[in-house]
Amino acid sequence: MLTSTIKRNAFRVLATLAFAAAPAFASMIIVNNFSFETPPIGGFPTNCGTGCNYSTAAIPDWGGTAGVAGQWQTGGLFISADPAGGPTSAFVNDHLISQTVGATVSAGLVYTLLVDIGLRTDSGSFAGTADLLIGGSSPHTIAATGLAPTLGGWSTFTATYIGSAADAGASITIELRSAGIDPNGIQHQGNFDNVRLDPDPVPEPASFLLIGSALLALKAFRRRRPIA
């Protein structure tokens with residue numbers, strides 16, 4: 001017959017194995033200038049109304065393609081207050097801005113991209129989009145989805161990607177874009193803020209099995225423990 005000491009030791013070993021098998025929490029991935037509060041070189045020289053200034057200079061920490069992009073401090077004239085708590089957001093007109101983060105793909109992690117996308121009060125249509133680009137030479141794209149914001153408002157768009165063994169070590173790029181021209185011949189504009197990328201582990205079935213076994217063993221041990 002097993003003694004109480006043997007039972008306790010056996011449970012401790014099982015519990016240690018269970019928690020060792022459970023994946024650790026992954027660190028948040030750093031997105032540089034995620035809320036566009038780092039000002040461009042030269043600040044915001046162009047006025048766009050009361051409390052509204054902007055710049056078309058390069059956005060710090062973000063690259064781009066042909067088109068017009070920049071940062072602006074809206075002052076609530078065309079769009080509501082910055083959702084991340086600061087006065088500055090990014091804008092793109094028929095353009096793409098992107099950032100390749102320092103982390104690479106790890107198999108078994110769930111990568112969740114969250115981006116707040118806005119719609120100017122004077123805009124004829126909504127055209128802001130965001131996506132994750134996985135890999136460099138033969139990349140695949142995961143588009144963010146969400147509800148279109150109301151005029152002058154913001155809406156959070158989300159893209160989710162589960163790291164696969166085939167993509168292990170691949171680069172991860174965040175893309176923010178706008179494209180097209182509305183019926184009035186005006187370029188669509190996308191407005192972006194509060195860009196974040198969070199990794200979370202995907203527990204394996206074996207981990208659940210070990211954790212469940214440990215909990216069942218603890219329950220059984222407590223039931224059989226003699227009353228002092």
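The values are calculated or read from the model by the stated rules, or taken from the named source; none is laboratory data. Nothing here was measured: the structure is a model prediction, and the numbers come from that model. Positions of Cβ are generated from backbone atoms using ideal geometry, with glycine treated the same way; all protein chains shown enter the neighbour counts. Just the protein is used for accessible areas: all its heavy atoms, side chains included, with ligands, DNA and RNA removed. Shrake-Rupley method; radii C 1.70, N 1.55, O 1.52, S 1.80 Å.
Results, tabulated for the structure shown:
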item	result
Summed residue charge, Cβ within 10 Å of Thr129's Cβ, Lys/Arg positive, Asp/Glu negative	-1
Apportionment of accessible area to carbon and sulfur, the range 65-110, percent (1.4 Å)	55
The range 48-183, relative contact order in percent, only Cα pairs under 8 angstrom and at least six apart counted	28
In Å², nearest 10: area of Tyr54 left accessible to a 1.4 Å probe	70
Dipole magnitude of the range 43-184 about its Cα centre (Cβ charges: Lys, Arg +1; Asp, Glu -1), debye to nearest 20	40
Global geometry of the range 63-121, whether rounded, prolate or oblate, following the gyration tensor of its Cα atoms and the 1.5 cut on a/c	oblate
In nm, spacing of pseudo-spin labels at Met28 and Asp200 (7 Å Cα→C-beta vector)	1.5
Heavy atoms of Val105: accessible area, 1.4 Å probe, square angstrom to 10	10
Gap separating the Cα centres of the range 76-96 and the range 142-176, nearest whole Å	18
The range 44-101, relative contact order in percent, only Cα pairs under 8 angstrom and at least six apart counted	35
Inter-label distance for Ala58 and Leu147, nm, one decimal - labels placed 7 Å from Cα along Cα-to-Cβ	4.0
Extension gain (nm, one decimal) between Ile162 and Asn184, 0.36 nm per residue minus Cα-Cα	3.8 nm
